1. Given only helices, namely DSSP H runs of n ≥ 4 each adding -39500 (n - 2.57), what is the per-residue ellipticity at 222 nm of the chain, to the nearest 500 deg cm²/dmol?
2. Measure out, as a whole number of angstrom, how far apart the alpha-carbon centroids of the stretch 313-374 and the stretch 154-196 sit.
3. Which trypsin sites (Lys or Arg not before Pro) does the stretch 329-435 hold that lie in a coil by DSSP with at most 10 other beta carbons within 10 Å?
4. Can you work out the accessible area per residue across the stretch 257-352, with the rest of the protein chains kept in place, probe 1.4 Å, in square angstrom?
5. Please label the shape of the stretch 1-119 as rounded, prolate or oblate, based on the square roots a ≥ b ≥ c of the eigenvalues of the alpha-carbon gyration tensor (a/c under 1.5 means rounded; beyond that, a/b larger than b/c means prolate, else oblate).
6. Which entries of Lys478/Lys541; Lys229/Lys478; Lys150/Lys211; Lys211/Lys500; Lys500/Lys578; Lys445/Lys541 have Cα-Cα distances beyond 30 Å here?
7. At 1.4 Å probe size, with every protein chain present, just tell me what the per residue accessible area of the stretch 1-122 comes to in Å².
8. With unit charges on the beta carbon (Lys/Arg positive, Asp/Glu negative), name the residue among Val233, Ile200, Val260 whose Cα is farthest towards the positive pole of the charge dipole of the stretch 190-311.
Amino acid sequence: MERRVVGKVKRVNGPVITLKEVQDAQMMEMVRIGEQQLVGEVIKLFDDEATVQVYEDATGICPGDNVYGSGSSLSCELGPGLIGSIYDGIQRPLEKLMEASGAFIGRGLSFPAIDHGKKWHFVPAVKVGDPVHAGSIVGSVQETERVSHKIMVPPDRQAGTVSAVVPEGDYTVDETVVTYTEGDGMEVRVSLTQRWPIRIPRPVQERLPLKQPLITGLRVIDTLFPLPKGGTVAIPGGFGTGKTMTQHSIAQWCDADIIVYIGCGERGNEMTDVLREFPQLVDPRTGKSLMERTILIANTSNMPVSAREASIYTGVTMAEYYRDMGYQVAIMADSTSRWAEALRELSGRMEEMPAEEGFPAYLPTRIAQFYERAGYMKTLSAKEGSVSIIGAVSPPGGDFSEPVTQHTKRFVRCFWALDRALASARHYPAISWLDSYSEYLPDVKGWWDEKSDGQWSAMRQEIMELLQKEVRLQQIVKLVGPDALPDSQNFLLEVCALFKTAFLQQNAFDEIDRYCGIQKQMKMLAIILDYYHKGIQAISKGVPMVKLRRLSAVQDMARMRFSVSNDDAASIDRLELKLDHAIDQLGGIYDDRS
């Protein structure tokens, strides 16, 4: 088939190319530039000129080179085989690119995102005469041990009646498995694969309220700053504060069905670690590789800047595809600051008017469009699925007042602020309990109170109040020393210090402490607050604080995160009885003396 020329190259400005003699081109149309067939996208049309952003290195492109149209937008190929794959920012499989060009990606290379030669075992879910509509599930294939891949009618089709279904068996992704006739008489062939434009959200029936938390196994998150399934959260922090490691831990331990990890503009050595470590991580639910429920998008800082801009849309489109099957999907975007920097560079090359710190004026809109694609949804097939977005932000110098962090805070309802002082003190995860917040507390309160016999919200509020009081008391201690405080206030400082080390800190390399179940979290919080209440009563009876500190039960509390396994949370109940008995004994002794 003859290729359609839509224009010729007029000017080359890095990844931004101006076309002349433009005819029959469309906004957001994917195009191929020159005889090398570099991938690009039309982002501006004016008279007979157009502006194209190129997703590859534009070196060698000359004025006068032909530009060929595709007739479609930049789209994701969606079908079985996505899970366990590693892609670049425009969904080209990196393994295929390496086989073709070695360690460095060759220009003009293009491969299908999924294997078109592999056969999948298809099990039909409809029969001839059944009604179907956009998003209807017509069958399934077993993609991995945990993921049953639902084959759906594309969401942009009309309703109709099934006219033909293939028998159960093995088929490639290109073969037609279901044929149906739409109301207007048009015949539609459904295969195992479909395409969807990356910048357009996939449609759903309705957006549902967020009620169930995404359990991560990290106590500081689950107990203090919870994120519901379908929620959005930003993790801002300077270099070395642990953004990537926090996301790795969440990816491994959270109760999402599918993980989409987007390495957006990160350093090459960091992405190399991700690509090496993720296949070796063990899924705690199956004992197999975490890659059996993970999709990786690797777009390093030395890759073309425009591909970095597209990478988060590629990732969220694949996440929405699995959400439409009824799965809970978690997206790790690391980091949206690099993505915003790509927007700034492209905007500068297009000579647009800059806003604050050189970022384009439409930066808030783009950030909002990305986070808006999260949510807990009722899909077109009447199933319930969610996309949760966990976006890392890398503010220069750890300055949270810079534009990307500030605009992100406007559009997310949860904020896990990483503190450099905590990271320097080897307190991990270095999530600040003073600067972080979650606006989802009322949404998840019902779920948490049901799991904790109505205790969670009251205990959480009390410990947060103690931490706030501790900050004020620490200021006094710095001025006049701890001896100026009464024992009751020094005891508050002691309890908060215990809470920080025994509860908020977590060791990712410890077999027990790396994941903490919700029952253990509640019992740990309860015993620490019980220690505070009983201790204050004992101090009021004249018991010196130093006596409380030296109790063996208190030393056991400090070690309980390592010594008590998740399935043995009853040990904390026994420890609490031991603690109460020891404090009562102390109180009795001082009562007798008085």
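The values are calculated or read from the model by the stated rules, or taken from the named source; none is laboratory data. Since the structure is predicted, the reported quantities are computational estimates derived from the model, not experimental observations. Virtual Cβ from ideal backbone geometry, glycine too; neighbours counted across all protein chains shown. All accessible areas refer to the heavy atoms of the entire protein, side chains included, with ligands and DNA or RNA removed. Shrake-Rupley method; radii C 1.70, N 1.55, O 1.52, S 1.80 Å.
1. Numbers: 15 runs with 198 residues, N = 594.
Per the formula, -10500 deg cm²/dmol.
2. 33 Å
3. Answer by residue number: Arg426.
4. Numbers: 2630 Å² over 96 residues.
Per residue, the stretch 257-352 has an accessible area of 27 Å².
5. Values: a/c = 2.34, a/b = 1.72, b/c = 1.36.
It comes out prolate by the Cα gyration axes.
6. Numbers: Lys478/Lys541 28 Å; Lys229/Lys478 42 Å; Lys150/Lys211 25 Å; Lys211/Lys500 28 Å; Lys500/Lys578 22 Å; Lys445/Lys541 37 Å.
Pairs exceeding the cut-off: Lys229/Lys478; Lys445/Lys541.
7. Accessible surface, normalised per residue, equals 47 Å².
8. Going by the Cα projections, it comes out as Ile200.
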